[in-house]
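The values are calculated or read from the model by the stated rules, or taken from the named source; none is laboratory data. It should be emphasised that the depicted structure is a prediction, and the values quoted were computed from it without experimental measurement. Note: ideal-geometry Cβ built from the backbone for every residue, glycine included; neighbour counts use all protein chains shown.
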Amino acid sequence: MFDKRIINGKVYLDNEFKEVNLYLEGDTITSISDEVFAAKDSLDAKGNLVMPGLIDPHVHFDLDLGNIRSKDDFYYGTKQAAFGGITTVIDFLDPVDNPKDLQKAYNTRLIEAEDSVVDYFFHATIKNPQCDLEDFVKQMKELNIHSLKLFTTYSDSNRRTYDKDIIELLKLSEKYKFLLLAHIENDDLIDLNPEFTYRDLLKSRPTEAETKEALKLAGYVKKYGGYLYMVHLSSGETLVKLKDKYSDILNKRFFIESCPQYFTFTEDCLELDEGNLYTLAPPLRTVKEKEKLINNFSDIYTIGTDHCAFMKEDKQATLLKDIPLGIGGIEFSFDVLFQLFGKNAIPKMSKNISGLYPNLSKYGKIKVGNLANIFVYELHENIIKNHHGFSDYTIYKYLKRKGKVIHTINRGEYIIKSGEFIKPNGKKI
(Lines give C-alpha, C1' and ligand atoms only; values in the text may rest on other atoms or scores of the structure.)
Protein backbone atom coordinates (compact mmCIF):
# COMPACT_ATOMS: atom_id res chain seq x y z
CA MET A 1 0.00 0.00 0.00
CA PHE A 2 1.34 3.43 -0.95
CA ASP A 3 1.47 6.36 1.47
CA LYS A 4 -0.40 8.72 -0.83
CA ARG A 5 -2.03 8.73 -4.25
CA ILE A 6 -3.29 11.43 -6.61
CA ILE A 7 -5.89 9.98 -8.95
CA ASN A 8 -8.15 11.16 -11.79
CA GLY A 9 -5.97 14.16 -12.62
CA LYS A 10 -4.40 15.35 -15.86
CA VAL A 11 -0.71 15.03 -15.07
CA TYR A 12 1.95 17.12 -16.80
CA LEU A 13 4.44 14.62 -18.26
CA ASP A 14 6.85 15.26 -21.16
CA ASN A 15 5.18 18.53 -22.16
CA GLU A 16 1.70 16.99 -22.30
CA PHE A 17 -1.17 16.43 -19.89
CA LYS A 18 -1.92 12.72 -19.45
CA GLU A 19 -4.64 10.99 -17.46
CA VAL A 20 -2.51 8.92 -15.11
CA ASN A 21 -2.29 8.40 -11.36
CA LEU A 22 0.62 9.31 -9.08
CA TYR A 23 1.77 7.27 -6.08
CA LEU A 24 3.97 8.61 -3.32
CA GLU A 25 6.08 6.98 -0.62
CA GLY A 26 7.35 9.44 1.96
CA ASP A 27 8.87 12.36 0.09
CA THR A 28 9.28 10.55 -3.25
CA ILE A 29 7.23 9.82 -6.37
CA THR A 30 7.38 6.03 -6.57
CA SER A 31 4.93 5.13 -9.34
CA ILE A 32 3.10 6.69 -12.29
CA SER A 33 0.40 4.39 -13.58
CA ASP A 34 -2.93 4.06 -15.38
CA GLU A 35 -3.99 1.62 -12.69
CA VAL A 36 -5.60 2.42 -9.35
CA PHE A 37 -3.73 1.04 -6.34
CA ALA A 38 -4.52 1.29 -2.64
CA ALA A 39 -3.01 4.11 -0.57
CA LYS A 40 -3.31 5.36 2.99
CA ASP A 41 -4.21 8.85 1.75
CA SER A 42 -6.07 9.54 -1.48
CA LEU A 43 -6.50 12.82 -3.34
CA ASP A 44 -9.08 12.83 -6.11
CA ALA A 45 -7.87 15.48 -8.55
CA LYS A 46 -11.21 15.33 -10.42
CA GLY A 47 -9.85 16.11 -13.86
CA ASN A 48 -7.81 19.09 -12.67
CA LEU A 49 -4.24 19.76 -13.80
CA VAL A 50 -1.47 18.09 -11.78
CA MET A 51 1.93 19.73 -12.25
CA PRO A 52 5.44 19.70 -10.81
CA GLY A 53 6.05 22.04 -7.91
CA LEU A 54 7.37 25.24 -9.44
CA ILE A 55 10.70 26.91 -8.69
CA ASP A 56 11.18 30.67 -8.36
CA PRO A 57 14.88 31.36 -8.96
CA HIS A 58 14.72 35.07 -8.11
CA VAL A 59 13.14 36.40 -4.92
CA HIS A 60 14.03 39.07 -2.36
CA PHE A 61 12.49 38.31 1.01
CA ASP A 62 13.36 40.51 3.98
CA LEU A 63 15.74 42.48 1.77
CA ASP A 64 17.76 45.17 3.53
CA LEU A 65 18.00 48.30 1.39
CA GLY A 66 19.72 50.31 4.10
CA ASN A 67 16.88 52.69 4.94
CA ILE A 68 14.07 50.13 4.51
CA ARG A 69 13.51 46.39 4.34
CA SER A 70 11.15 44.62 1.95
CA LYS A 71 7.95 43.72 3.76
CA ASP A 72 7.52 40.04 2.93
CA ASP A 73 9.87 38.00 5.09
CA PHE A 74 10.57 34.32 4.40
CA TYR A 75 7.36 33.22 6.09
CA TYR A 76 4.99 35.54 4.25
CA GLY A 77 6.91 35.38 1.00
CA THR A 78 7.00 31.60 0.83
CA LYS A 79 3.41 31.28 2.06
CA GLN A 80 2.42 33.20 -1.07
CA ALA A 81 4.70 30.93 -3.08
CA ALA A 82 2.84 27.86 -1.82
CA PHE A 83 -0.50 29.41 -2.79
CA GLY A 84 1.00 29.90 -6.24
CA GLY A 85 2.15 26.30 -6.72
CA ILE A 86 5.79 27.18 -6.00
CA THR A 87 7.59 24.70 -3.74
CA THR A 88 11.16 26.00 -4.07
CA VAL A 89 12.65 29.50 -4.01
CA ILE A 90 16.16 30.85 -4.45
CA ASP A 91 16.91 34.04 -2.53
CA PHE A 92 20.15 36.03 -2.30
CA LEU A 93 22.85 36.59 0.27
CA ASP A 94 23.61 40.24 0.98
CA PRO A 95 26.27 41.69 -1.37
CA VAL A 96 29.82 41.39 -0.05
CA ASP A 97 33.27 42.06 -1.46
CA ASN A 98 35.41 39.37 0.22
CA PRO A 99 35.24 35.67 1.27
CA LYS A 100 35.14 36.33 5.03
CA ASP A 101 32.05 38.50 4.74
CA LEU A 102 30.49 35.92 2.41
CA GLN A 103 30.52 33.42 5.27
CA LYS A 104 28.93 36.00 7.59
CA ALA A 105 26.24 36.83 5.02
CA TYR A 106 25.46 33.13 4.67
CA ASN A 107 25.13 32.62 8.42
CA THR A 108 22.82 35.64 8.73
CA ARG A 109 20.58 34.54 5.86
CA LEU A 110 20.25 31.03 7.30
CA ILE A 111 18.68 32.49 10.43
CA GLU A 112 16.37 34.80 8.46
CA ALA A 113 15.13 31.89 6.33
CA GLU A 114 14.26 29.52 9.19
CA ASP A 115 10.52 30.27 8.88
CA SER A 116 10.33 29.39 5.20
CA VAL A 117 7.16 27.52 4.25
CA VAL A 118 8.76 25.92 1.16
CA ASP A 119 12.24 24.65 0.25
CA TYR A 120 14.94 27.23 -0.34
CA PHE A 121 18.60 27.96 -0.93
CA PHE A 122 20.70 30.98 -1.87
CA HIS A 123 22.67 32.72 -4.56
CA ALA A 124 25.85 34.43 -3.39
CA THR A 125 26.09 38.14 -4.27
CA ILE A 126 29.27 40.09 -4.91
CA LYS A 127 29.80 43.85 -4.95
CA ASN A 128 32.82 45.74 -6.31
CA PRO A 129 35.16 42.94 -5.17
CA GLN A 130 38.17 43.77 -3.00
CA CYS A 131 39.74 40.31 -2.95
CA ASP A 132 41.19 37.48 -4.98
CA LEU A 133 38.19 36.37 -7.02
CA GLU A 134 39.23 32.72 -7.06
CA ASP A 135 39.35 32.73 -3.25
CA PHE A 136 35.82 34.15 -3.25
CA VAL A 137 34.59 31.41 -5.58
CA LYS A 138 36.26 28.69 -3.51
CA GLN A 139 34.54 29.97 -0.37
CA MET A 140 31.24 30.04 -2.23
CA LYS A 141 31.64 26.44 -3.35
CA GLU A 142 32.56 25.37 0.19
CA LEU A 143 29.15 26.71 1.23
CA ASN A 144 27.58 24.50 -1.46
CA ILE A 145 26.47 27.59 -3.41
CA HIS A 146 26.57 27.22 -7.19
CA SER A 147 25.57 30.67 -8.39
CA LEU A 148 26.94 34.17 -7.95
CA LYS A 149 25.14 37.42 -8.70
CA LEU A 150 26.79 40.68 -9.69
CA PHE A 151 25.54 44.12 -10.69
CA THR A 152 26.77 46.08 -13.69
CA THR A 153 25.22 49.23 -12.21
CA TYR A 154 24.57 50.80 -8.78
CA SER A 155 28.01 52.39 -8.62
CA ASP A 156 26.37 55.03 -6.40
CA SER A 157 26.04 52.40 -3.65
CA ASN A 158 29.34 50.66 -4.48
CA ARG A 159 27.58 47.53 -5.72
CA ARG A 160 28.85 47.68 -9.30
CA THR A 161 31.30 45.04 -10.52
CA TYR A 162 33.49 46.32 -13.35
CA ASP A 163 34.32 44.67 -16.66
CA LYS A 164 37.77 43.38 -15.72
CA ASP A 165 36.33 41.43 -12.80
CA ILE A 166 33.30 40.29 -14.81
CA ILE A 167 35.64 38.73 -17.39
CA GLU A 168 37.62 37.02 -14.64
CA LEU A 169 34.43 35.69 -13.04
CA LEU A 170 33.26 34.32 -16.38
CA LYS A 171 36.53 32.40 -16.71
CA LEU A 172 36.13 31.12 -13.15
CA SER A 173 32.54 30.03 -13.87
CA GLU A 174 33.96 27.82 -16.61
CA LYS A 175 36.65 26.41 -14.35
CA TYR A 176 34.48 25.82 -11.28
CA LYS A 177 31.19 25.13 -13.07
CA PHE A 178 28.96 27.72 -11.44
CA LEU A 179 26.38 30.10 -12.86
CA LEU A 180 27.22 33.79 -12.94
CA LEU A 181 24.05 35.87 -12.54
CA ALA A 182 24.01 39.49 -13.65
CA HIS A 183 21.75 42.46 -13.11
CA ILE A 184 22.44 44.01 -16.50
CA GLU A 185 22.12 47.75 -17.02
CA ASN A 186 24.78 50.10 -18.36
CA ASP A 187 25.75 52.30 -15.42
CA ASP A 188 26.74 55.24 -17.61
CA LEU A 189 23.26 55.36 -19.14
CA ILE A 190 21.44 55.42 -15.80
CA ASP A 191 20.34 58.94 -14.86
CA LEU A 192 19.78 59.45 -11.12
CA ASN A 193 18.52 63.01 -11.49
CA PRO A 194 17.22 63.90 -7.99
CA GLU A 195 14.38 65.90 -9.53
CA PHE A 196 12.91 62.91 -11.39
CA THR A 197 9.47 61.79 -10.24
CA TYR A 198 8.34 58.19 -10.44
CA ARG A 199 6.81 58.98 -13.82
CA ASP A 200 10.35 59.62 -15.10
CA LEU A 201 11.44 56.06 -14.33
CA LEU A 202 12.06 55.16 -17.99
CA LYS A 203 14.17 58.29 -18.43
CA SER A 204 16.19 57.21 -15.43
CA ARG A 205 16.60 53.59 -16.57
CA PRO A 206 16.13 53.49 -20.37
CA THR A 207 15.88 50.33 -22.45
CA GLU A 208 19.15 51.26 -24.12
CA ALA A 209 20.93 50.75 -20.79
CA GLU A 210 19.71 47.15 -20.65
CA THR A 211 20.21 46.33 -24.32
CA LYS A 212 23.68 47.81 -24.69
CA GLU A 213 25.01 46.11 -21.57
CA ALA A 214 23.39 42.76 -22.40
CA LEU A 215 25.01 42.71 -25.85
CA LYS A 216 28.37 43.59 -24.34
CA LEU A 217 28.20 40.81 -21.76
CA ALA A 218 27.00 38.28 -24.33
CA GLY A 219 30.07 39.24 -26.34
CA TYR A 220 32.25 38.55 -23.30
CA VAL A 221 30.68 35.11 -22.90
CA LYS A 222 31.34 34.31 -26.54
CA LYS A 223 34.95 35.50 -26.32
CA TYR A 224 35.96 34.24 -22.88
CA GLY A 225 33.55 31.36 -22.22
CA GLY A 226 31.72 30.79 -18.97
CA TYR A 227 28.07 30.64 -17.99
CA LEU A 228 26.08 33.83 -17.54
CA TYR A 229 22.43 34.18 -16.53
CA MET A 230 20.70 37.49 -17.20
CA VAL A 231 18.17 38.21 -14.48
CA HIS A 232 14.88 40.06 -15.13
CA LEU A 233 15.17 40.88 -18.84
CA SER A 234 12.53 43.59 -19.21
CA SER A 235 12.36 44.47 -22.90
CA GLY A 236 11.48 42.51 -26.02
CA GLU A 237 13.87 44.84 -27.84
CA THR A 238 16.78 43.50 -25.80
CA LEU A 239 15.74 39.91 -26.46
CA VAL A 240 15.38 40.38 -30.22
CA LYS A 241 18.84 41.94 -30.49
CA LEU A 242 20.39 39.16 -28.42
CA LYS A 243 18.74 36.59 -30.70
CA ASP A 244 19.97 38.38 -33.81
CA LYS A 245 23.59 38.56 -32.70
CA TYR A 246 24.14 35.73 -30.22
CA SER A 247 21.70 32.94 -31.07
CA ASP A 248 24.56 30.41 -30.91
CA ILE A 249 25.06 30.92 -27.15
CA LEU A 250 21.56 31.99 -26.13
CA ASN A 251 20.22 29.67 -23.42
CA LYS A 252 23.30 27.49 -23.80
CA ARG A 253 25.85 29.75 -22.14
CA PHE A 254 23.95 33.04 -21.91
CA PHE A 255 20.64 32.24 -20.21
CA ILE A 256 17.63 34.57 -20.21
CA GLU A 257 15.27 35.05 -17.27
CA SER A 258 12.26 37.35 -17.44
CA CYS A 259 9.43 38.13 -15.03
CA PRO A 260 5.62 38.05 -15.18
CA GLN A 261 5.28 41.82 -14.79
CA TYR A 262 7.05 42.52 -18.07
CA PHE A 263 4.54 40.40 -20.00
CA THR A 264 1.59 42.00 -18.21
CA PHE A 265 2.07 45.71 -17.56
CA THR A 266 3.63 48.66 -19.39
CA GLU A 267 5.00 52.11 -18.64
CA ASP A 268 1.44 53.45 -18.97
CA CYS A 269 0.83 52.18 -15.43
CA LEU A 270 3.11 54.94 -14.14
CA GLU A 271 0.49 57.46 -15.28
CA LEU A 272 -2.23 55.94 -13.11
CA ASP A 273 -3.35 57.65 -9.90
CA GLU A 274 -1.31 55.07 -7.98
CA GLY A 275 1.44 54.82 -10.56
CA ASN A 276 4.04 54.95 -7.79
CA LEU A 277 3.04 51.37 -6.90
CA TYR A 278 4.39 50.14 -10.26
CA THR A 279 7.98 51.26 -9.68
CA LEU A 280 10.71 48.64 -10.02
CA ALA A 281 14.11 48.19 -11.66
CA PRO A 282 14.36 47.49 -14.51
CA PRO A 283 11.12 49.39 -15.13
CA LEU A 284 8.03 48.39 -17.05
CA ARG A 285 8.55 49.08 -20.75
CA THR A 286 6.48 50.30 -23.70
CA VAL A 287 3.55 48.46 -25.25
CA LYS A 288 5.70 47.67 -28.31
CA GLU A 289 8.47 46.19 -26.16
CA LYS A 290 5.96 44.11 -24.20
CA GLU A 291 4.51 42.75 -27.44
CA LYS A 292 7.99 41.79 -28.68
CA LEU A 293 8.61 40.00 -25.39
CA ILE A 294 5.35 38.06 -25.70
CA ASN A 295 6.05 37.18 -29.32
CA ASN A 296 9.49 35.82 -28.41
CA PHE A 297 8.45 33.92 -25.27
CA SER A 298 9.98 30.71 -26.64
CA ASP A 299 13.43 32.28 -26.26
CA ILE A 300 12.97 33.03 -22.56
CA TYR A 301 14.64 30.21 -20.64
CA THR A 302 13.35 30.78 -17.12
CA ILE A 303 10.84 32.84 -15.19
CA GLY A 304 11.61 34.46 -11.86
CA THR A 305 9.47 37.01 -10.09
CA ASP A 306 12.05 39.38 -8.56
CA HIS A 307 9.53 39.47 -5.71
CA CYS A 308 10.37 42.46 -3.51
CA ALA A 309 7.22 43.75 -1.86
CA PHE A 310 6.59 46.98 0.04
CA MET A 311 3.59 48.66 1.65
CA LYS A 312 1.63 51.35 -0.17
CA GLU A 313 2.84 53.85 2.39
CA ASP A 314 6.47 52.99 1.59
CA LYS A 315 5.97 54.06 -2.03
CA GLN A 316 3.93 57.25 -1.49
CA ALA A 317 6.70 59.73 -2.32
CA THR A 318 6.62 61.65 -5.59
CA LEU A 319 10.36 61.89 -6.17
CA LEU A 320 11.85 58.73 -7.62
CA LYS A 321 14.85 58.83 -5.30
CA ASP A 322 12.56 58.45 -2.28
CA ILE A 323 10.69 55.35 -3.50
CA PRO A 324 11.98 51.80 -2.89
CA LEU A 325 11.97 49.97 -6.23
CA GLY A 326 10.27 46.59 -6.23
CA ILE A 327 6.91 44.82 -6.41
CA GLY A 328 5.40 41.58 -5.13
CA GLY A 329 4.01 38.90 -7.39
CA ILE A 330 5.14 35.40 -6.47
CA GLU A 331 1.63 34.15 -5.64
CA PHE A 332 0.26 34.91 -9.10
CA SER A 333 3.23 34.30 -11.39
CA PHE A 334 1.89 30.99 -12.68
CA ASP A 335 -1.63 32.38 -13.07
CA VAL A 336 -0.35 35.24 -15.20
CA LEU A 337 1.85 33.15 -17.47
CA PHE A 338 -0.57 30.24 -17.81
CA GLN A 339 -3.24 32.74 -18.85
CA LEU A 340 -0.92 34.02 -21.61
CA PHE A 341 1.01 30.93 -22.69
CA GLY A 342 -0.73 27.83 -21.35
CA LYS A 343 1.45 24.77 -20.82
CA ASN A 344 4.43 26.44 -22.53
CA ALA A 345 5.04 28.38 -19.32
CA ILE A 346 5.53 25.26 -17.19
CA PRO A 347 9.08 24.16 -18.14
CA LYS A 348 10.34 27.74 -17.76
CA MET A 349 9.14 27.63 -14.15
CA SER A 350 10.29 24.10 -13.34
CA LYS A 351 12.66 21.77 -15.21
CA ASN A 352 14.62 24.50 -17.02
CA ILE A 353 15.52 25.98 -13.65
CA SER A 354 16.29 22.67 -11.95
CA GLY A 355 18.67 21.80 -14.80
CA LEU A 356 20.86 24.80 -13.96
CA TYR A 357 21.60 23.80 -10.35
CA PRO A 358 23.20 20.51 -9.22
CA ASN A 359 21.26 20.51 -5.93
CA LEU A 360 17.94 20.54 -7.81
CA SER A 361 18.42 17.29 -9.71
CA LYS A 362 15.31 15.74 -8.11
CA TYR A 363 13.17 18.85 -8.45
CA GLY A 364 11.17 20.41 -11.27
CA LYS A 365 9.73 17.33 -12.96
CA ILE A 366 7.10 14.70 -12.18
CA LYS A 367 9.19 11.55 -12.51
CA VAL A 368 9.62 8.30 -10.59
CA GLY A 369 12.44 8.85 -8.09
CA ASN A 370 12.01 12.62 -7.95
CA LEU A 371 10.78 14.45 -4.89
CA ALA A 372 7.01 14.58 -4.49
CA ASN A 373 6.70 18.32 -5.14
CA ILE A 374 3.34 18.75 -6.84
CA PHE A 375 0.50 21.23 -7.20
CA VAL A 376 -3.05 20.81 -8.43
CA TYR A 377 -4.67 23.56 -10.50
CA GLU A 378 -8.42 23.74 -10.76
CA LEU A 379 -9.56 25.13 -14.10
CA HIS A 380 -12.28 27.74 -13.80
CA GLU A 381 -12.05 31.30 -15.06
CA ASN A 382 -11.95 33.79 -12.21
CA ILE A 383 -10.45 37.09 -11.08
CA ILE A 384 -7.39 37.49 -8.86
CA LYS A 385 -8.51 38.97 -5.56
CA ASN A 386 -6.69 38.73 -2.25
CA HIS A 387 -3.10 37.63 -1.73
CA HIS A 388 -1.48 36.01 1.31
CA GLY A 389 1.47 38.32 1.86
CA PHE A 390 2.30 40.88 4.52
CA SER A 391 2.31 43.73 2.00
CA ASP A 392 -1.04 45.53 1.69
CA TYR A 393 -1.40 45.45 -2.10
CA THR A 394 -0.69 43.48 -5.26
CA ILE A 395 -0.59 44.98 -8.75
CA TYR A 396 -2.14 41.73 -10.08
CA LYS A 397 -5.48 42.29 -8.34
CA TYR A 398 -8.49 42.01 -10.66
CA LEU A 399 -6.58 40.34 -13.50
CA LYS A 400 -8.25 37.37 -15.17
CA ARG A 401 -6.88 33.86 -14.72
CA LYS A 402 -7.81 30.42 -16.04
CA GLY A 403 -7.89 28.68 -12.69
CA LYS A 404 -6.54 28.51 -9.16
CA VAL A 405 -4.08 26.47 -7.10
CA ILE A 406 -6.09 24.26 -4.76
CA HIS A 407 -3.46 21.82 -3.46
CA THR A 408 0.31 22.18 -2.99
CA ILE A 409 2.43 19.24 -1.84
CA ASN A 410 6.09 19.60 -0.89
CA ARG A 411 8.18 16.47 -0.34
CA GLY A 412 5.01 14.43 0.03
CA GLU A 413 3.30 16.68 2.61
CA TYR A 414 0.48 19.17 2.09
CA ILE A 415 1.25 22.84 2.45
CA ILE A 416 -2.02 23.87 0.82
CA LYS A 417 -5.03 21.53 0.87
CA SER A 418 -8.39 22.44 -0.67
CA GLY A 419 -7.28 26.06 -0.79
CA GLU A 420 -6.38 26.20 2.90
CA PHE A 421 -2.93 26.66 4.42
CA ILE A 422 -2.00 23.51 6.34
CA LYS A 423 1.54 23.86 7.67
CA PRO A 424 5.04 25.00 6.72
CA ASN A 425 7.29 22.38 5.19
CA GLY A 426 10.36 24.38 4.26
CA LYS A 427 13.83 22.88 4.18
CA LYS A 428 17.18 24.27 3.12
CA ILE A 429 18.40 22.42 0.07
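Structure above, values below:
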{"quantity": "Qualifying helices (runs of 4 or more DSSP H) (wholly inside the range 198-304; at least 3 residues being of a type outside the set (Phe, Trp, Tyr) and closer than 22 Å to Asp187 by Cβ)", "calculated": "201-204, 207-224, 236-246"}
{"quantity": "Out of Leu217, Leu192, Leu179, Leu201, sole residue that is buried (at least 18 other Cβ atoms within 10 Å of the Cβ), closer than 28 Å to Asp322 by Cβ and either touching a residue at least 60 places away in the same chain (Cβ under 8 Å) or among the basic types (Lys, Arg) (or both)", "calculated": "Leu201"}
{"quantity": "Selected residue (only one of Asp273, Asp306, Asp299 is in the same structural domain as Leu242 (by TED's automatic domain parsing) and on the phi > 0 side of the Ramachandran plot)", "calculated": "Asp306"}
{"quantity": "Leading residue by the ranking (nearest to Phe178 (Cα to Cα)) among those in the range 210-260 that are within 21 Å of the chain's Cα centre (by Cα) and among the basic types (Lys, Arg)", "calculated": "Arg253"}
{"quantity": "Tabulated pairs, the range 224-245, first more than 13 Å from Thr211 (Cα to Cα) and in the same structural domain as Thr211 (by TED's automatic domain parsing), second assigned to a helix (DSSP H, G or I) and of a type in the set (Val, Ile, Thr), C-beta under 8 angstrom, 6+ apart or interchain", "calculated": "Tyr224/Ile167; Tyr227/Val221; Leu228/Val221"}
{"quantity": "Residue within the range 121-139 that is farther than 30 Å from Leu280 by Cα, not hydrophobic (A, V, I, L, M, F, W, C) and not in a helix (DSSP H, G or I) present", "calculated": "yes"}
{"quantity": "Long-range neighbours under 6 Å by Cβ, at least six apart or interchain, first residue farther than 14 Å from Gly426 by Cα and at pLDDT 95 or above within the range 363-374, second in a loop (DSSP other than H, G, I, E, B) and of a type in the set (S, T, N, Q)", "calculated": "Gly364/Ser350"}
{"quantity": "Those residues of the range 1-46 which are under 28 Å from the mean Cα position of the chain (by Cα), at negative phi and either loosely packed, with under 14 Cβ neighbours inside 10 Å or charged (D, E, K, R) (or both), in sequence order", "calculated": "Lys10, Glu16, Lys18, Asp27"}
{"quantity": "Checklist (1) assigned to a helix (DSSP H, G or I); (2) within 18 Å of Phe390 (Cα to Cα); (3) of a type in the set (Ser, Thr, Tyr) applied to Ser116, failing item", "calculated": "(1)"}
{"quantity": "Flag if Ala105 is within 18 Å of the chain's Cα centre (by Cα) and among the hydrophobic types (A, V, I, L, M, F, W, C)", "calculated": "no"}
{"quantity": "Residues satisfying the stated conditions in the range 305-337, i.e. hydrophobic (A, V, I, L, M, F, W, C), assigned to a loop (DSSP other than H, G, I, E, B) and buried (at least 23 other Cβ atoms within 10 Å of the Cβ)", "calculated": "Cys308, Ala309, Phe310, Ile327"}
{"quantity": "Neighbours by Cβ (under 6 Å, 6+ apart or cross-chain): first from the range 138-162, at positive phi; second part of a helix (DSSP H, G or I)", "calculated": "none"}
{"quantity": "Among (1) surrounded by 16 or more Cβ atoms within 10 Å (Cβ to Cβ); (2) assigned by TED's automatic domain parsing to the domain that holds Asn107; (3) within 20 Å of Thr266 (Cα to Cα); (4) among the aliphatic types (A, V, I, L, M), the one test that Leu340 misses", "calculated": "(1)"}
{"quantity": "Among the residues listed as Ile68, Ile29, the single one being among the β-branched types (Val, Ile, Thr) and either outside the structural domain of Ile86 (by TED's automatic domain parsing) or more than 30 Å from Gly329 (Cα to Cα) (or both)", "calculated": "Ile29"}
{"quantity": "Strands (runs of 3 or more DSSP E) lying entirely in the range 1-89 (those with 3 or more residues that are touching a Leu at 6+ places or on another chain (Cβ under 7 Å) and not β-branched (Val, Ile, Thr))", "calculated": "2-13"}
{"quantity": "Qualifying residue in the range 175-191 (condition: closer than 22 Å to Arg160 by Cβ, among the hydroxyl-bearing types (Ser, Thr, Tyr), assigned by TED's automatic domain parsing to the domain that holds Lys290 and modelled with pLDDT of 95 or more)", "calculated": "no"}
